[in-house]
Amino acid sequence: MENHVAIKILRSEPQSHFDTYVLPFSEGLTLLGALRQIAAAIDPTLAFRDSHCGRGVCGACLVRVEGQVRRACCTPLEAGREYRVEPANSRVIRDLAVRF
């Protein structure tokens, strides 16, 4: 799995559970990029807030990664790792999409 990255995402439907997605790793891959790849090519039902600014300013893409709230657009991923991703707060709309 050295050339891959695993993203373990807390899903909300039909009941809370984790789904794990394995993606090929490319240099410069961010968590937001990985979420976009998952939604586009693997699981179009994944709900998350796509970045509005893409530069870490607006905070629309906030998620909890390994227990810490982070901006997905500014969170670089490393090859060979698994990342646990959960909603940023408890006001879940669906999956990683939350009310602010």
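The test for being in contact with a Cys (Cβ under 8 Å, 6 or more places away or on another chain), small (Gly, Ala, Ser) and either at pLDDT 95 or above or within 25 Å of Glu2 (Cβ to Cβ) (or both) holds for Ala72. Remark: pairs (first residue in region 1-15, β-branched (Val, Ile, Thr); second residue in a loop (DSSP other than H, G, I, E, B) and buried (at least 17 other Cβ atoms within 10 Å of the Cβ); Cβ separation under 8 Å; 6+ apart in sequence or on different chains) = Val5/Phe25; Val5/Leu29; Val5/Leu77; Ile9/Leu46; Ile9/Asp95; Ile9/Leu96.
Residues in region 21-32 that are surrounded by 11 or more Cβ atoms within 10 Å (Cβ to Cβ) and touching a residue at least 40 places away in the same chain (Cβ under 8 Å): Phe25, Leu29, Thr30, Leu31, Leu32. If you go through region 38-57 and keep only what is farther than 16 Å from Phe18 by Cβ and either open to solvent by less than 70 Å² (accessible area, probe 1.4 Å) or among the charged types (D, E, K, R) (or both), you end up with Ala39, Arg49, Asp50, Ser51, Cys53, Gly54, Arg55, Gly56.
Taking the options Glu86, Glu2, name whichever one is among the acidic types (Asp, Glu) and open to solvent by 90 Å² or more (accessible area, probe 1.4 Å). That would be Glu2, the only listed residue that is among the acidic types (Asp, Glu) and open to solvent by 90 Å² or more (accessible area, probe 1.4 Å).
The values are calculated or read from the model by the stated rules, or taken from the named source; none is laboratory data. Please read all numbers here as calculations on a predicted model, not as lab measurements. Positions of Cβ are backbone-derived with ideal geometry, glycine not excepted, and every protein chain shown enters the neighbour counts. Calculation scope for accessible area: heavy atoms of the full protein, side chains included, ligands and nucleic acids excluded. Shrake-Rupley method; radii C 1.70, N 1.55, O 1.52, S 1.80 Å.
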